Structure formats: C-alpha cells, structure tokens
1. For S15, only one of the following conditions fails: (1) touching a residue at least 24 places away in the same chain (Cβ under 8 Å); (2) in a helix (DSSP H, G or I); (3) open to solvent by 10 Å² or more (accessible area, probe 1.4 Å). What is its number?
2. Looking at (1) under 23 Å from E164 (Cβ atoms); (2) without any contact (Cβ under 8 Å) to a residue 40 or more places away in the chain; (3) exposed (fewer than 14 other Cβ atoms within 10 Å of the Cβ), which one does R77 not meet, given that it meets all the others?
3. For a quick check of your reading of the model, give me the residue pairs whose first member lies in the range 38-61 and is under 20 Å from F265 (Cβ atoms) and hydrophobic (A, V, I, L, M, F, W, C), whose second is assigned to a loop (DSSP other than H, G, I, E, B) and open to solvent by less than 60 Å² (accessible area, probe 1.4 Å), with beta-carbon atoms closer than 8 Å and at least 6 apart or on different chains.
4. Since S65 meets every condition but one in (1) open to solvent by 50 Å² or more (accessible area, probe 1.4 Å); (2) more than 16 Å from E25 (Cα to Cα), which condition does it not meet?
5. Out of the strands (runs of 3 or more DSSP E) lying entirely within the range 153-253, which hold 1 or more residues that are open to solvent by less than 10 Å² (accessible area, probe 1.4 Å) and in contact (Cβ under 8 Å) with a residue 24 or more places away in the chain?
6. Residues in the range 86-120 that are within 29 Å of A51 (Cβ to Cβ), open to solvent by 60 Å² or more (accessible area, probe 1.4 Å) and not in a helix (DSSP H, G or I): how many?
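The values are calculated or read from the model by the stated rules, or taken from the named source; none is laboratory data. Only a predicted model underlies this, so the values are computations on that prediction, with no experimental measurement involved. Neighbour counts are summed over all protein chains in view; Cβ atoms, including those assigned to glycine, are modelled from backbone coordinates with ideal geometry. Each accessible area value is taken on the protein alone, full model and side chains, heavy atoms only, with ligands, DNA and RNA left out. Shrake-Rupley method; radii C 1.70, N 1.55, O 1.52, S 1.80 Å.
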Amino acid sequence: MTTSDHSQHAPAATSVDHRTAVAAETARFVAAVKDADLATAVPSCPGWTLADLVRHTGSVHRWFSVLLRARIQEPPRTRDVDLQLPDQEDGYVDWLAESATVAADAFAATDPDLPMWAWGADQHARFWARRMLFETLLHRADAEVALGLRPAIDRPVAVDGIDEFLVNLPFATFFAPKVADLRGSDTTIRFRTTDGDDAWVVRLRPDGFGLDPAHPTAAPTDATVQGTAADLLLLVYGRLPYQAGAFAHEGDEHLLTHWFANSAF
C-alpha cells in the first residue's frame with residue numbers, strides 16, 4: 001500500500017462497535033479528569049496540559065461530527081466549526097462529555113457504510129467513527145498517565161486500534177511528514193500480541209510501506225516486536241518505547257529504530 005493507493009478498504013473483522021466505544025472511552029476520559037487539576041502537564045504530549053488535551057479531544061468529536069453530517073465527498077476547505085467551547089476551563093470536562101453526545105447524534109444520523117471522503121484507506125463514514133474512537137482512547141490514556149494512572153485498554157479494542165493505525169499510517173504524511181521516510185529495501189517488521197494470536201507484518205519498500213497481509217504466518221521477518229495488545233497499541237502510537245520491559249524484540253535494531261523514529265503521530 002502506498003500513499004496513492006486510496007482503495008475501498010474495509011476494516012479488519014472486529015467485534016468492536018466503534019460508535020458505542022467512543023461513548024465508553026469518553027466516559028472513561030471524563031472520569032479520569034473530572035476532579036483533576038487541568039493545568040497538569042501531559043508528558044506524552046509535550047507542551048500540553050490536561051486542559052489542552054480535553055479541548056483537543058472534544059474538538060475532534062465536534063469536527064468529525066460536522067464532516068459526518070455533511071457527508072463530505074472531498075477534502076474540507078476549512079476547519080471552522082462552532083465548538084461551543086466554554087469560556088472558562090472549569091466547564092471543559094462537562095463540555096467533553098457533551099461532545100460525545102454530539103458525536104452519537106451524528107453517528108445515529110449517518111449510515112456507517114455511506115461512501116465518504118476520508119484521509120485514510122477506508123472511504124466510508126465508518127472511517128470517522130473508528131478514527132474518533134482511537135483519538136479518544138489514546139488521549140484518555142495520555143490523561144491517565146499524566147495523573148499517575150496505568151491505562152486499562154480492552155483487548156479487542158486494542159487489537160482493532162493497532163490495525164487501524166497500521167492501515168492508515170501510509171496516508172498520514174500530510175500531518176505526520178516523517179512518515180514519508182518510512183522506506184526500505186523490502187524489509188519487514190512483525191508486530192505480534194502475546195495475549196492472543198494477532199500479528200501484523202509491515203513491509204518497507206523503496207517506494208513506501210504498508211501492511212503485508214499475505215506474509216506467511218511462520219515466515220521470518222527482519223525484526224519482530226511482541227507484547228500485549230494494549231501495550232502494542234501504546235507502542236505504535238509512540239507512548240511506549242520498544243525497549244521497554246513490556247516488549248520482547250529481536251532482529252534488525254536499526255530497522256526498529258528507523259520505524260519508531262518516523263511512525264508515531
């Protein structure tokens with residue numbers, strides 16, 4: 001898959017209801033920050049406070065909801081949206097909760113299989129619900145880590161999130177320019193869960209990179225990283241280093257360093 005391959009990709013088979021999960025993840029986020037000091041720094045988002053994190057996540061809900069209701073068929077020309085953001089930060093947490101309701105209303109009014117423009121691989125409305133879920137989940141995890149908590153991530157959701165990230169990453173260069181440097185001489189990296197039998201093989205070629213779903217399960221790769229699904233999700237998003245004790249890794253160290261230096265967003 002190259003950045004020009006905008007196929008009608010369908011999500012991998014999953015038991016996750018993305019629209020319902022957005023509401024559940026937002027509720028977890030709200031619960032984590034409702035009594036917190038919103039001036040708390042967020043180490044995984046340098047320069048941000050919890051207030052910034054809440055504002056960003058609620059804005060994503062409302063912005064994506066506008067796109068869904070408009071049934072966009074081409075890249076939007078503006079991001080001007082009435083966010084209804086409170087004037088004071090002490091209203092931000094309630095506003096985040098209300099943002100999930102705005103999203104739920106947009107989901108209810110939109111067939112997930114409706115063809116729509118999306119920046120990633122899946123050109124349907126369902127892309128935006130899936131993307132919103134993982135924006136919410138990762139920033140919920142960011143908030144919990146900032147507050148000294150260890151994020152709990154449901155395994156089926158984590159597996160779906162790893163797939164969503166790796167499927168869409170080749171298309172992310174317009175906001176994550178380092179992704180364009182993910183090239184190689186037909187080299188491969190396997191990500192494998194230790195709490196299940198899930199695995200993804202990424203192939204880096206001279207012209208780009210992408211998932212290699214046809215790679216034989218038992219065939220060797222140039223590098224491998226293994227961990228629980230939840231930890232692998234945090235890994236691919238740059239929230240954990242691959243050298244952390246949560247992971248076992250082997251193979252081409254330079255290849256792994258190159259991947260993780262250029263892939264997170």
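1. (2)
2. Condition not satisfied by R77: (1).
3. Once the first residue is under 20 Å from F265 (Cβ atoms) and hydrophobic (A, V, I, L, M, F, W, C) and sits in the range 38-61, its partners that are assigned to a loop (DSSP other than H, G, I, E, B) and open to solvent by less than 60 Å² (accessible area, probe 1.4 Å) give W48/V42; L53/V42; L53/C45; V54/L38.
4. For S65, the failing item is (1).
5. Ranges flagged: 187-193, 199-205, 208-211, 223-227.
6. 2
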